[in-house]
Amino acid sequence: MTIETTHLTDVDDLSADDLAAVLDRAAALKSGADDARFPRATLGMLFEKPSTRTRISFETGMTQLGGHAIFLGPDDIQLGHGEPLRDTSRVLSRYVDAVMARLFDHADLLELVEHADVPIVNGLTDDAHPCQTLADLLTIREAFGGFDARAAWVGDGNNVGQSFALGCALAGIDLTVSTPPAYAMADDVLDRAAELGSAPTVVDDPKEAVADADVVYTDVWISMGQEDQRAQKLAAFDGYQVNDDLLRGTDAKVMHCLPAHRGEEITDAVLESDRALVWDQAENRLHAQKGLLAELLE
Ligand code: CP
Ligand code: NVA
């Protein structure tokens, strides 16, 4: 089966059937049951922000699929020296088979899409991180044998959280969200989740959010590009740390997209405990993205 969407700007570009196809493909590639090969395929990887997992999993994934990936950092191409995004998109489309882009402004990603003739995959913007969500859903499916799990999001309601909320809605995972009021998920994301069938339940108290959760997910409080908001955000997120106290009385597993800032949004003890699914999540970036690329390149 080939998925219907051409681009992945956010998780809800995928239908429920598309999502199942990508995850099934990822699982087949992970188990070795599928040996998809794209020997002449090249992925352009545009990065405005740093990365460990996204860069390495996409580059390794393309190698394993028999293709090639090119790292295009902020200083490597003319985009960083004033060439317009639209021109970059048109020119990249003449060379490569797909583009993965990690940008600040989500509107820039949509501009890239508007002028591209090849699939554009969002590798994180300030608003969304759909590739992370694909890996997260694969991890939940493996850990719980499906999507019959209750999830809680505790922390910042920006990119990773917003895509996770959309992914939960698409997969049918029951999600409860607790963020500081000033860092709530955007209304349009909650509306889109509702349209997909289930907006998350929003509660003020993180303890209430995790009370019935099978899995608790958090992300950094100071995202890339927000370093100047550090003092203000640390104050706003006081009480939202995922720690032993918050998790006491639950059997919940813990998820984090990484990189983690131990001592801020999560403690070292929780991250190092057997609650943590974080290393499987990181590994599953590779498999989930290979599943996505295989579907997009076919
Ligand atoms: N989770 C994630 O996207 O990590 P990187 O910033 O290392 O790519
Ligand atoms: N919210 C984080 C996610 C990093 C993968 C950030 O934007 O920096």
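The values are calculated or read from the model by the stated rules, or taken from the named source; none is laboratory data. From a predicted model like this one, the values you see are computed outputs, not experimental measurements. Glycine also receives a Cβ, built like all others from the backbone with ideal geometry; neighbour counts cover every protein chain displayed. Accessible surface is based on the protein model in full, side chains and every heavy atom, while ligands, DNA and RNA are left aside. Shrake-Rupley method; radii C 1.70, N 1.55, O 1.52, S 1.80 Å.
Taking θ = phi - 60°, what integer Hz values does the Karplus form 6.51 cos²θ - 1.76 cosθ + 1.60 yield along the range 204-214, in sequence order, with x for Gly and Pro?
Once rounded to whole Hz, the list reads 6, 8, x, 4, 5, 4, 8, 3, 10, 7, 8.
Filter Lys49/Lys207; Lys207/Lys253; Lys30/Lys253; Lys30/Lys207 down to the pairs with a C-alpha to C-alpha distance above 25 Å, please.
Over 25 Å Cα-Cα: Lys49/Lys207; Lys30/Lys207.
Express the relative contact order of the chain as a whole percentage, based on alpha carbon pairs under 8 Å and six or more residues apart in sequence.
It comes to 21 percent, rounded to a whole number.
Sort the following peptides by mean Cβ neighbour count (other Cβ atoms within 10 Å, averaged over residues), highest first: 270-279, 288-297, 89-98, 147-156. Intermediate results must be reported in sequence, preceding the final value.
Details: 270-279: 15.7, 288-297: 26.0, 89-98: 18.6, 147-156: 23.5.
Packing order, densest peptide first, comes out as 288-297, 147-156, 89-98, 270-279.
If amide hydrogens are placed 1.01 Å from N in the peptide plane, which non-local residues have theirs closer than 5 Å to the one on Ile70?
Leu43, Gly44, Met45
Quick check: at a probe of 1.4 Å, how many percent of the accessible area of the chain sits on carbon and sulfur atoms?
The value for the chain is 46 percent carbon and sulfur by accessible area.
Probe of 1.4 angstrom, ligands and nucleic acids ignored: what's the accessible area per residue over the chain, in square angstrom?
42
Under the rule a/c < 1.5 gives rounded, and otherwise a/b versus b/c splits prolate from oblate, where does the range 189-284 land using the Cα gyration tensor?
rounded
For Thr201 and Arg248, FRET efficiency with R0 = 22 Å and r from the beta-carbon atoms, rounded to 0.05?
About 0.55, to the nearest 0.05.
Which length gain, in nm to one decimal place, applies between Phe71 and Val91 when the Cα-Cα distance is subtracted from 0.36 nm times their residue separation?
That pair, Phe71 and Val91, stretches by 5.6 nm at full extension.
Could you run the Karplus curve 6.51 cos²θ - 1.76 cosθ + 1.60 with θ = phi - 60° over the range 87-103 and give me ³J(HN,Hα) per residue in whole Hz, x for Gly and Pro?
In residue order, the calculated couplings are 5, 4, 5, 5, 6, 4, 4, 7, 10, 9, 8, 6, 10, 10, 10, 10, 10 Hz.
Out of residues 5 or more away from Ala152 or on other chains, whose amide H comes under 5 Å of its own, with H placed 1.01 Å from N in the peptide plane?
Distant-sequence amide H within range of Ala152: Thr176, Val215, Val216, Tyr217.
Tabulate in residue order the Karplus-calculated ³J(HN,Hα) for the range 158-173, using 6.51 cos²θ - 1.76 cosθ + 1.60 with θ = phi - 60°, rounded to whole Hz; enter x for Gly and Pro.
9, 3, 5, x, 5, 5, 5, 4, 5, x, 4, 4, 5, 8, x, 8
Rounded if a/c is under 1.5, else prolate if a/b beats b/c, else oblate: with a ≥ b ≥ c from the C-alpha gyration tensor eigenvalues square-rooted, which is the range 99-192?
oblate
So how much slack lies between Ala231 and Gln64, counting 0.36 nm per residue of separation and subtracting their Cα-Cα distance, in nm?
Details: separation 167, 0.36 × 167 = 60.12 nm, distance 4.27 nm.
The span from Ala231 to Gln64 would gain 55.8 nm if fully extended.
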